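K.L.:
Below are the structure tokens for one structure; questions will follow.
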Amino acid sequence: MLLIIGAGLFLFGGMSSVHAAVYYVKSASNDGNDSNDGRSDANAWGTIDKVNGYNFVTGDDVYFKCGDVWTGNALTIDWKGTSDDRVTIGAYYDNGIIGISGSKPIINRGVTGNGVTIDGQDYVTVQNLDIRKGNNAFVISTVNADANYPIVEKCNIGAGTTGYGLRIYSGHQTTGGIIRNNVVDSRVGIYGQDESLMYDGIKLTAAANYYKVHDNIIRDWAHTAMRMEDSDYCEWYENYITCVDLQGGDPHKPTSSGRGFGFSGDAKYNKIYLNYFKNMRTLNQLLGGTYNEIYNNIFDTITSEETYGGCMLSISGNGAYVAYNKIYNNVFYRSLEETGYTLGGTIRMYAKLGWYDCEYNEIRNNIFLEPNVRALYMANWDGIKNNIFTNNIMYKTNETQTISYRGAPTLTVSEWEAAASNGDIISDNIALDPSLANPVNGEFWPDELTDPVVDAGIDVGLTEDYLENIRPFGSAPDIGAYEYVPPSAPSPTDLNQDSRTDIQDIQFCVKVILETEIDPDIVVRADVNKDGNVNTLDIQEVVNAVLNR
């Protein structure tokens with residue numbers, strides 16, 4: 001009886017314990033074969049069709065071999081993982097070792113369709129793939145079911161696509177996603193695709209909430225690099241975004257947008273921070289949305305803006321109510337082209353009949369440096385009201401009239417503050433050269449304690465700057481993305497001033513005592529305790545520093 005019970009328990013345990021498996025795929029030209037079992041490099045499958053047709057169980061992983069290429073196929077991930085056992089779709093190299101050696105596996109969709117799709121499944125990770133072409137290179141689809149907690153990392157996405165790089169189709173829910181460490185690059189200059197058919201690099205829609213998009217390079221998208229449409233509570237940070245190569249590299253004839261980011265619909269409680277936007281082709285947009293925050297970003301150069309006169313950020317209720325957004329401690333530097341345009345500004349608050357109100361937005365602690373037309377353009381419309389502009393620096397070389405406010409074409413900063421109306425609060429703005437280190441070379445930090453930006457801001461609740469230095473460092477926050485931090489004085493025990501105290505500093509002290517070290521600066525520094533003599537007491541000070549005593 002005990003044996004029967006034991007056998008029964010053993011059988012029950014065996015039936016309830018189903019472990020996820022690992023499958024390998026390499027191209028047919030590299031001896032992959034769909035008749036294999038796929039459980040090792042030596043027995044790898046050969047096609048994506050085999051993957052799509054296989055009945056995977058929860059948590060099964062699939063890895064594609066580095067250096068191999070699959071052309072004309074779409075990969076659909078239609079099985080799920082769990083929080084403890086995620087599905088991973090990734091890369092491997094010799095002998096089934098997971099990871100990258102050489103080039104990433106390439107999934108080249110070809111002319112139409114989607115390249116890789118997560119089809120309504122939770123806890124899926126896609127990593128280390130090169131996903132190219134198609135109408136959309138990568139899709140997270142929630143049309144049929146939820147697709148929560150996806151991770152997309154270390155991939156190359158979007159080369160040659162005629163639509164989106166990474167797109168979320170809304171319908172059901174997708175929450176808690178992470179998109180990190182990818183290169184989302186259309187490579188339009190290489191593939192020569194029709195730019196007018198391209199859209200966004202990464203697009204989050206209404207189903208996408210609580211996403212974190214960070215540490216990506218997003219390059220050359222004809223519409224928008226990063227776009228949010230009704231998505232809520234998402235964070236975009238530490239991304240590098242540029243659009244300089246559209247239209248064959250001609251910066252003067254854009255036929256489509258090429259903007260850095262855009263909000264549309266009622267996108268709420270999103271954050272954009274610590275990003276570097278370089279050579280945008282056209283204006284970033286906040287076309288509706290509430291309680292969003294844009295802070296500690298660098299906006300470095302609009303290469304051409306033939307429609308809006310060098311506008312870097314448009315705030316308007318074109319599609320939804322736009323209010324209670326916070327734009328803090330950014331640097332807006334240099335817009336080119338279209339010098340004669342009269343309705344443009346680095347920030348443009350604009351509205352037309354029938355648009356939603358634009359109100360209670362806060363623009364504080366920003367640097368507006370070398371605007372092409374003016375730092376601010378605000379239309380004279382009743383729906384634009386109750387907005388706040390304080391502690392900004394607005395400076396253009398050889399030009400004092402940098403504001404167009406409610407029908408007044410050109411105002412100085414002081415005239416603008418005196419003209420505040422319709423509930424707007426405008427105060428403590430500055431019309432001085434911010435004296436940044438070297439803006440032409442992307443060095444947007446103050447390098448002197450006397451620079452006008454230092455301690456000239458207002459506390460908006462930020463605790464770190466663009467470099468994650470503590471903010472504020474001085475008596476008040478600095479204006480702009482960087483907080484001035486004075487150079488650290490060298491330690492008195494760092495005799496050779498190599499930024500550390502070690503055995504070499506002890507040796508210098510000994511050499512001074514033995515009079516074999518004659519460098520006058522070191523001789524002076526070797527008197528660590530400043531008693532007028534260099535002796536064993538100074539050596540002890542250095543030894544204590546080495547030992548951290």
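K.L.:
Quick check: with the 1.4 Å probe, what order do Ile131, Ile106 take by accessible area, largest first?
P.N.:
So the residues, ranked largest to smallest area, are Ile106, Ile131.
K.L.:
Take the Cα atoms of the range 87-150, find their three principal axes, and give me the spread along each one in whole Å, biggest first.
P.N.:
Here the spans come out as 38, 29, 13 Å, largest first.
K.L.:
Could you work out how far the C-alpha centroid of the range 497-533 sits from that of the range 385-421, in angstrom?
P.N.:
When both Cα centres are located, 57 Å separates them.
K.L.:
Using DSSP to call loops (not H, G, I, E or B), can you name the GluC sites (Glu not before Pro) in the range 460-549 whose Cβ has at most 13 other Cβ atoms within 10 angstrom?
P.N.:
Taking the range 460-549 and a limit of 13 other Cβ atoms within 10 Å, the loop GluC sites (Glu not before Pro) found are Glu468, Glu515.
K.L.:
Looking at the range 46-131, which trypsin sites (Lys or Arg not before Pro) are in a loop (DSSP not H, G, I, E or B) and have at most 16 other Cβ atoms within 10 Å?
P.N.:
none
K.L.:
While we're looking at this one, here's another question. Before rounding to the nearest 500, sum -39500 (n - 2.57) across all DSSP H runs of length at least 4 in the chain and divide by the residue total; then give [θ] at 222 nm in deg cm²/dmol. Intermediate values should be presented prior to the final figure.
P.N.:
Numbers: 7 runs with 59 residues, N = 549.
Result for the chain, helices only: -3000 deg cm²/dmol.
K.L.:
Does the range 365-408 classify as rounded, prolate or oblate by the C-alpha gyration tensor (a ≥ b ≥ c root eigenvalues; a/c under 1.5 gives rounded; else a/b over b/c gives prolate, otherwise oblate)?
P.N.:
Oblate shape, in that a/c is at least 1.5 and b/c is the bigger or equal ratio.
K.L.:
Roughly what % of DSSP beta bridges within the chain run antiparallel, to the nearest 5?
P.N.:
Counting only bridges with both partners in the chain, antiparallel ones make up about 5 percent.
K.L.:
Is there a pair in Lys203/Lys396; Lys50/Lys154; Lys26/Lys268; Lys65/Lys278; Lys271/Lys385 whose C-alpha atoms are over 32 Å apart, and which pairs would that be?
P.N.:
Result: Lys203/Lys396; Lys26/Lys268; Lys65/Lys278 exceed 32 Å.
K.L.:
Then there is this: Defining a contact as two alpha carbons under 8 Å apart and six or more residues distant in sequence, what relative contact order in percent does the chain show?
P.N.:
Rounded, it is 6 percent for the chain.
K.L.:
Something else: Rounded, prolate or oblate for the chain? Axes are the square roots of the Cα gyration tensor eigenvalues, ordered a ≥ b ≥ c, and the cut-off for rounded is a/c under 1.5.
P.N.:
Numbers: a/c = 2.11, a/b = 1.19, b/c = 1.78.
Cα axes put the chain in the oblate bin.
K.L.:
Ok, one more. Using only the alpha carbons, work out the radius of gyration and Dmax of the range 59-121 in angstrom.
P.N.:
Calculated on Cα positions, Rg and Dmax stand at 12.8, 37 Å.
K.L.:
Quick check on the range 467-522: take the gyration tensor over C-alpha atoms, sort the square-rooted eigenvalues as a ≥ b ≥ c, and tell me if it's rounded (a/c under 1.5), prolate or oblate.
P.N.:
Taking the square roots of the gyration eigenvalues as a ≥ b ≥ c, the range 467-522 is prolate.
K.L.:
So what's the gap between the Cα centers of the range 157-184 and the range 53-109, to the nearest angstrom?
P.N.:
Using only Cα atoms to place each centre, the spacing works out to 17 Å.
K.L.:
With both partners inside the range 383-453, how many of the DSSP beta bridges are antiparallel, as a percent to the nearest 5?
P.N.:
Taking every DSSP beta bridge with both residues in the range 383-453, the antiparallel ones total about 55 percent.
K.L.:
Just need the relative contact order of the range 394-485 here, percent rounded to a whole number, with Cα pairs under 8 Å and 6+ apart. It would help to have the intermediate numbers written out before the result.
P.N.:
Details: 133 pairs, mean separation 17.8, N = 92.
So the answer I get is 19 percent.
K.L.:
Averaging sequence separations of C-alpha pairs under 8 Å and six or more residues apart, then dividing by the length of the range 60-99, give the relative contact order as a whole percent. Spell out each step's value before the answer.
P.N.:
On the way: 36 pairs, mean separation 20.9, N = 40.
Relative contact order, the range 60-99: 52 percent.
K.L.:
Accessible area of Phe444, 1.4 Å probe, to the nearest 10 Å²?
P.N.:
0
K.L.:
How big is the antiparallel share of DSSP beta bridges in the range 323-427, given as a percent to the nearest 5?
P.N.:
Antiparallel bridges: around 10 percent, rounded to the nearest 5.
The values are calculated or read from the model by the stated rules, or taken from the named source; none is laboratory data. Since this is a predicted model, take the numbers as computed values, not measurements. Ideal geometry is used to build each Cβ from the backbone, glycine not excepted, and the neighbour counts take in all protein chains shown. Keep in mind that these areas ignore ligands, DNA and RNA; they rest on the heavy atoms of the full protein, side chains included. Shrake-Rupley method; radii C 1.70, N 1.55, O 1.52, S 1.80 Å.
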